[in-house]
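> Just dropping this structure here.
Every number here is computed from the coordinates shown, using simple stated rules; none is lab data. Since we're looking at a predicted model, the values are computed, not measured. Backbone-built Cβ (ideal geometry, glycine too); neighbour counts: all protein chains shown.
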Amino acid sequence: MDARTRLAFFILKTHAGWIVRADGYVYPPCADKADALAKAIREAQAAERLGFDSVVLAQSAAGENCTVCWCCTGSRGAIGGAALAVPAMAGVPPSLSQQPPLSQPPLPQPEERP
């Protein structure tokens, strides 16, 4: 059995406010997008300490496509920043530095649940 080594944390705007969603788990709503980003990065860093490659993706507004905000690799430490390589996962392009932002295909959106 292959061990799972990658996690994606989504920051989404919902009717309840800004939420963080990862691996089917929805964290309680955050006060604003900045709070949700801070929470998602903290969770991604915790996952990194357990050996996971993680990426934080966020919407700019409800219904918009997600963009990469931060990422890290469990074995090599944080590489946060939109211009750096991103671990291949969840439909994220293999390297953001090789593609201009507007040419990226839309990222899959997790379905919103009430």
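> I want the local charge near C30. Using Cβ-Cβ distances under 15 Å, sum +1 for each Lys or Arg and -1 for each Asp or Glu among the other residues.
+2
> For the range 7-55, place one equal point scatterer on every Cα, skip the solvent, and apply the Debye formula. What is log10 of I(q)/I(0) at q = 0.18 Å⁻¹?
-0.48
> In nm, what is the difference between 0.36 nm times the number of residues separating Q45 and H15 and their Cα-Cα distance?
8.1 nm
> Okay, next question. HN-Hα J couplings of the range 4-19 from phi, Karplus 6.51/-1.76/1.60, θ = phi - 60°, integer Hz, Gly and Pro as x?
Once rounded to whole Hz, the list reads 6, 10, 10, 9, 10, 10, 9, 9, 10, 8, 10, 4, 8, x, 7, 10.
> Further question on the same structure: Using a simple spin-label model with points 7 Å from Cα along the Cα→Cβ vector, what separation in nm is obtained for A31 and R4?
Those two pseudo-labels are separated by 3.2 nm.
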